[in-house]
1. Once you keep just the Cα pairs under 8 angstrom separated by 6 or more residues, what percentage relative contact order results for region 32-400?
2. Can you order the peptides 293-305, 170-182, 62-74 by their average number of other Cβ atoms within 10 Å per residue, highest first?
3. For semi-axes √(5λ) of the Cα gyration tensor in Å, which listed value, [x] 38, 25, 21; [y] 61, 35, 27; [z] 47, 37, 21, comes from the coordinates shown?
4. Got a sec to turn the phi values of region 169-183 into Karplus ³J(HN,Hα) couplings, 6.51 cos²θ - 1.76 cosθ + 1.60 with θ = phi - 60°, whole Hz, x for Gly and Pro?
5. Quick one: grab the alpha carbon gyration tensor of region 62-112, order the square roots of its eigenvalues as a ≥ b ≥ c, and give me rounded if a/c is under 1.5, else prolate or oblate depending on whether a/b is larger than b/c.
6. Within 10 Å of each residue's Cβ, count the other Cβ atoms and sort Phe367, Phe356 from fewest upward.
7. In nanometres, what is the gap between the two model label sites at Lys424 and Val247, each 7 Å from Cα along Cα-to-Cβ?
8. Rounded to the nearest whole Å³, what is the per residue volume of the convex hull around the Cα atoms of region 24-125?
Amino acid sequence: MITAPKARYLIASAFLLQIVFNRAALAHLKTAKLFPPDANAGDSFGASVAIDGNIAVVGAYLNDSNGSDCGAVYVYELSGSQWLQRQKLTPSDGSVNDQFGRSVAIDGNTIVVGSYYGDSNEPNTGSTYVFSRLGGAWTQQQKLIAPDATPDDRFGCSVAIDNNTIVIGAYRRNSFTGSAYVFVRTGLTWDFQQELTASDAQLDEYFGYSVAIDNNTIIIGAPNWNNPRGSAYFYQRQSTTWLEQSVLRGDAGHFGFSVALDGNWAVIGAYEGNTNIVSGAGTAYVFANTDAGWVEQQKLFDANSPAYSKDFGWVVAIKNDTILAGCPYDFTDGNKTGSVFEFVRTGSTWIQSDRFTAGDANTDDKFGSSLALSGRHIIIGAPYNFNDGNSTGSAYLFDNFPGDLDADSDVDFFDFAVLADSWKQNNPLADIAPAPAGDGIVDIKDLAVLCDNWLAGK
């Protein structure tokens with residue numbers, strides 16, 4: 001016979017088990033959909049995105065404000081609970097078809113913008129612009145060009161910044177062999193430091209198509225090495241020189257099409273990589289920096305419906321214990337509507353925890369073409385999304401609210417009940433502190449975070 005207390009226990013256990021499987025998918029709230037009031041059809045707003053703290057940056061590289069396809073970049077700031085447009089950035093010397101905003105990056109008070117066809121001393125070499133914030137306004141600080149620029153290098157196809165160092169890719173240089181350039185800041189000036197090339201460079205390698213930097217490590221993707229295998233090159237800073245540290249090879253699928261780096265973890269996307277289930281659906285590989293060098297830890301892919309998740313790993317990002325992988329050609333919810341997958345680390349294993357979609361998706365939106373994360377904020381671009389009847393593009397903001405333990409999009413009394421039960425049973429469900437992934441114990445720290453979010457009205 002099942003007694004009343006036992007029945008209540010079984011119901012509670014089933015409820016908690018349901019939360020374990022569904023909490024991650026519901027703990028992220030879509031907080032904003034961004035598109036500028038002056039948007040026009042074909043702007044590709046959202047083709048590139050970046051975020052740092054409460055500042056989000058969105059590129060619209062086909063915007064026509066300063067001429068056809070000159071491009072523009074929009075800066076948003078979180079004010080209270082709303083993301084407000086603060087500024088629209090354009091280059092001081094912009095011209096037709098520059099495609100300013102093809103790539104963007106932000107770190108603190110510095111924004112970096114790649115101009116795919118921008119001119120330097122030669123036409124269509126590519127250029128990159130640096131903007132700095134002073135007194136709340138973003139102003140152009142400097143235009144960066146390659147010291148040895150040649151036409152069609154595509155300098156600025158990819159950009160990354162960490163503190164006082166900028167990395168810029170030029171994947172078409174030297175017959176698509178490619179290179180990357182490092183600039184460092186001294187005072188208010190950015191100076192060229194070094195050009196990076198592959199030790200085993202070959203034609204059509206696309207070295208520099210993707211770049212990432214964190215502290216003293218740089219990753220350069222070369223997705224066409226031994227087409228379609230792909231490579232990723234790691235460089236380590238020693239004083240003022242960058243030395244090639246290691247080279248990772250892909251089996252297939254354009255390994256290195258996207259790269260991301262955070263501390264001792266690296267993620268490398270292969271958008272046509274083979275999963276364990278479907279050939280060519282796309283994968284992302286996680287590497288850890290160990291005493292033996294960069295060692296593969298895990299291959300990520302959509303384990304639930306990989307046949308629909310086309311081009312998984314088109315873009316990737318990592319921060320702390322969270323990895324995002326974009327899948328812009330995902331047709332689970334319609335042809336090329338797109339999606340983004342989240343993985344969180346538990347011990348040494350990365351577990352698929354969420355799948356983001358636009359919620360108002362249309363065919364060919366390509367949600368997940370760009371993405372970035374910072375703290376509890378996630379931004380995802382959908383450059384072909386419709387607004388006011390036009391394919392202007394959009395960017396979506398999502399937030400993760402610690403404390404929503406029963407996954408009802410609110411922090412309330414019921415979440416305290418879940419925490420109390422988890423504490424009693426030593427169930428890690430309510431392990432939400434310290435951020436971002438807890439410490440394996442449900443205790444007073446978790447209660448404090450829950451109280452903070454409850455009082456804040458999350």
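1. This gives 12 percent for region 32-400.
2. 170-182, 62-74, 293-305
3. Evaluating semi-axes √(5λ) of the Cα gyration tensor in Å on these atoms matches [x].
4. Running phi through 6.51 cos²θ - 1.76 cosθ + 1.60 with θ = phi - 60° gives x, 9, 6, 9, 5, 6, 6, 6, 4, x, 7, 9, 10, 10, 10 Hz.
5. Prolate is the answer for region 62-112, as a/c is 1.5 or above and a/b outweighs b/c.
6. Phe356, Phe367
7. Once both label points are built, they end up 6.1 nm from each other.
8. Each residue corresponds to 121 Å³ of Cα convex hull volume.
Bear in mind these aren't lab numbers, they're just calculated from the coordinates by the rules spelled out. All of these numbers come straight from a predicted model, not from anything done at the bench. Positions of Cβ are backbone-derived with ideal geometry, glycine not excepted, and every protein chain shown enters the neighbour counts.
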